[in-house]
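This report concerns only the one structure given below.
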Amino acid sequence: MISGVLVDKTSRTKPWIVWGYGLAGFSRPLISIANSWVGVLGIRMLDRIGKGLRSSPRDALLAASVPSERRGLAFGLHRRWTMLGQC
């Protein structure tokens, strides 16, 4: 929710998307060196913050990149692509 407000104020989506994916990509491998549940919790929190930073701006970028009559198709394809990555 906060990233959506920040995107609206700055009218720039790409930096927020890059920071969100970067934070998540940086934090996930750190779980392998965590030596307590508190460490894993902190690292997972960083991962979720990254997801929160990228989700709203990514959706805004996706909506702006296709004509309004094709938005359902674009979001459906994006959702399908993310579901395939979780298999």
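Just so it is clear, none of the values below were taken in a lab; they were calculated from the coordinates. Note that the coordinates shown come from a computational prediction; the quantities given were computed from them, not determined experimentally. Glycine also receives a Cβ, built like all others from the backbone with ideal geometry; neighbour counts cover every protein chain displayed.
Brief remarks on what is shown
- Within segment 2-85: Cβ-based charge dipole about Cα centre, in debye rounded to nearest 20 (Lys, Arg +1; Asp, Glu -1): 80 debye
- Relative contact order of segment 2-85, defined on C-alpha pairs under 8 angstrom at six or more residues apart (%): 35 percent
- Largest to smallest principal axis extent of the C-alpha atoms in segment 2-85, angstrom: 50, 33, 15
- With θ taken as phi - 60° and the Karplus curve 6.51 cos²θ - 1.76 cosθ + 1.60 applied, the whole-hertz 3J(HN,Hα) list for segment 37-54 is 5, 5, x, 5, 4, x, 5, 5, 5, 4, 4, 5, 5, x, 5, x, 5, 9 Hz, x standing for glycine and proline.
- Under 19 Å from a label point set 7 Å out along the Cα-to-Cβ vector of L62, the amide N atoms of segment 1-43 belong to 1-8, 12-25.
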